[in-house]
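Worksheet: the structure to be examined is printed underneath.
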Amino acid sequence: MRSTSRFWMTGAVSVAMASVRGARVQDRPTSKRASPYDVAETVRRIRASVYRHGLSVFACVEQPGAQPEATLVIVLESSSGGTPVLMRGEGAYANPDLPLSLIVRPVRGGTSEVIIPADLRAGDDTLALPRELDTDFAELPAVVADALA
């Protein structure tokens, strides 16, 4: 049985925040990049890099969890406006995600780690995404690399 996926664009902060609260990092393909900076400095540098790369920050929120230092989610706005929301699954098994986002979480020694989403279409040929999002998603690794340089 194929997984059900729904996709839409939103400009509603409440929808985005509900997705941040429900999403789990391990449920999506990602890559990771070590940052020599703490979470706050890494987020500051990423925000500046986002703007240099022609994108905008939609929201920056703390992800729920029991860690002593906050894990922050930087939700980006698409170059076409709004931010994409992806819902995979049905009913109680539905898992919301904000794929145009970066997660910055603390690691030992006062440094942090940036989690970058992988290609959304990987393994889901039924997912219909607007073409302009391809450029936005492709830009994420460069945004992070620039921020951590």
* **Net charge of Cβ neighbours under 13 Å - reference Cys60; Lys, Arg +1; Asp, Glu -1** => +1
* Asked: Which whole-Hz couplings ³J(HN,Hα) result when phi for each residue of region 134-140 is put into the Karplus expression 6.51 cos²θ - 1.76 cosθ + 1.60, θ = phi - 60°, listed in order with x for Gly and Pro?
  -> 4, 5, 4, 5, 5, 6, 4
* Asked: So who's got an amide H within less than 5 Å of the one on Ser35, skipping anything under 5 residues away but keeping other chains? H placed 1.01 Å off N, in plane.
  -> Ser112, Glu113, Val114
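Values in this text are rule-based calculations from the coordinates and carry no lab data. In this text, all values refer to a predicted model and were calculated from it rather than measured experimentally. All Cβ positions, glycine included, derive from the backbone under ideal geometry; neighbour counts span all protein chains shown.
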